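Presented below is the structure to which this report refers.
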Amino acid sequence: MARSFILWLHGLGDSGPANEHIKMVFKSPELSNTRWLFPSAPPNPVTCNNGWVMPSWFDVPELPFRAGSPIDESSVLEAVKNVHAIIDQEIAEGTSPENVFICGLSQGGALTLASVLLYPKTLGGGSVLSGWVPFSSSVISQFPEEAKKTPILWSHGTDDKLVLFEAGQAALPFLQQAGV
């Protein structure tokens with residue numbers, strides 16, 4: 001059985017180790033040869049929290065996040081580089097790109113989407129849980145054709161008070177415009 005890799009990206013203010021229990025939910029024999037990685041976001045000042053320093057993949061200008069909320073695209077793109085470095089390392093260690101999966105919750109979900117759509121190869125999949133589109137449509141031209149083939153699972157709770165359901169709904173027209 002080929003090795004697979006799941007990269008789990010947590011939400012704003014959380015940590016990788018606090019999310020490791022998630023892998024206990026997945027008991028399928030198909031995951032027996034899966035390496036999981038739960039990195040922690042670096043401490044960064046976060047605008048929506050009055051500039052307080054906390055674990056954050058990128059800056060979030062406002063919460064709750066709505067469709068049309070401001071985005072700090074440059075910090076998102078910087079975070080994507082870090083995720084791509086993790087993926088590149090995993091592939092260099094022998095995992096096939098089609099066996100690489102990125103999952104993320106909230107801010108981690110937004111970073112998952114950005115990382116999948118900007119990666120130069122088709123990955124196994126991306127799972128966005130209560131996330132949002134973290135960049136404007138001007139970035140669509142940067143999406144490699146191979147990246148557009150990566151399957152994306154999107155799930156969003158209707159009672160989410162931090163990333164409003166409308167932010168998740170805004171993803172569909174964006175992804176359609178991008179040809180995903």
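So here's what we get for this one:
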read-out: The stretch 52-75, residues that are modelled with pLDDT under 95 and surrounded by fewer than 14 Cβ atoms within 10 Å (Cβ to Cβ); value: Pro61, Glu62, Pro64, Gly68, Pro70, Ser74
read-out: Among residues of the stretch 21-46, those that are modelled with pLDDT under 95 and either touching a Leu at 6+ places or on another chain (Cβ under 8 Å) or assigned to a helix (DSSP H, G or I) (or both), counted; value: 8
read-out: Yes/no for Lys81 being more than 26 Å from Lys148 (Cβ to Cβ) and of a type in the set (Lys, Arg); value: no
read-out: Any chance Ala92 is over 17 Å from His10 (Cα atoms) and either surrounded by 20 or more Cβ atoms within 10 Å (Cβ to Cβ) or at pLDDT below 95 (or both); value: no
read-out: Residue identified as farther than 25 Å from Asn33 by Cα and surrounded by 19 or more Cβ atoms within 10 Å (Cβ to Cβ) among Ala110, Ala170, Ala147, Ala178; value: Ala110
read-out: Set Gly94, Gly68, Gly104, Gly13: member being in contact with a strand residue (DSSP E or B) (Cβ under 8 Å, 6 or more places away or on another chain) and on the phi > 0 side of the Ramachandran plot; value: Gly13
read-out: Glu62, sole failed condition from (1) in contact (Cβ under 8 Å) with a residue 40 or more places away in the chain; (2) of a type in the set (D, E, K, R); (3) in contact with a Cys (Cβ under 8 Å, 6 or more places away or on another chain); value: (1)
read-out: Residue among Leu105, Leu153, Leu117, Leu172 that alone is closer than 17 Å to Leu12 by Cα and not charged (D, E, K, R); value: Leu105
read-out: Selection count, the stretch 79-104, where residues are within 21 Å of Ser130 (Cα to Cα), in a helix (DSSP H, G or I) and in contact with a Phe, Trp or Tyr (Cβ under 6 Å, 6 or more places away or on another chain); value: 1
read-out: Residue in the stretch 105-161 that is nearest to Val76 (Cα to Cα), counting only those that are of a type in the set (Ser, Thr, Tyr) and in a loop (DSSP other than H, G, I, E, B); value: Ser136
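Each row is one residue, and each column tells you yes or no for (1) touching a residue at least 12 places away in the same chain (Cβ under 8 Å); (2) aliphatic (A, V, I, L, M).
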| site | (1), (2) |
| --- | --- |
| Pro97 | yes, no |
| Gly108 | yes, no |
| Phe143 | yes, no |
| Asp159 | no, no |
| Ala178 | yes, yes |
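The values are calculated or read from the model by the stated rules, or taken from the named source; none is laboratory data. Quantities reported herein were computed from a predicted structural model and do not represent experimental measurements. Methodologically, a virtual Cβ is constructed for each residue, glycine included, from the backbone with ideal geometry; neighbour enumeration extends over all protein chains shown.
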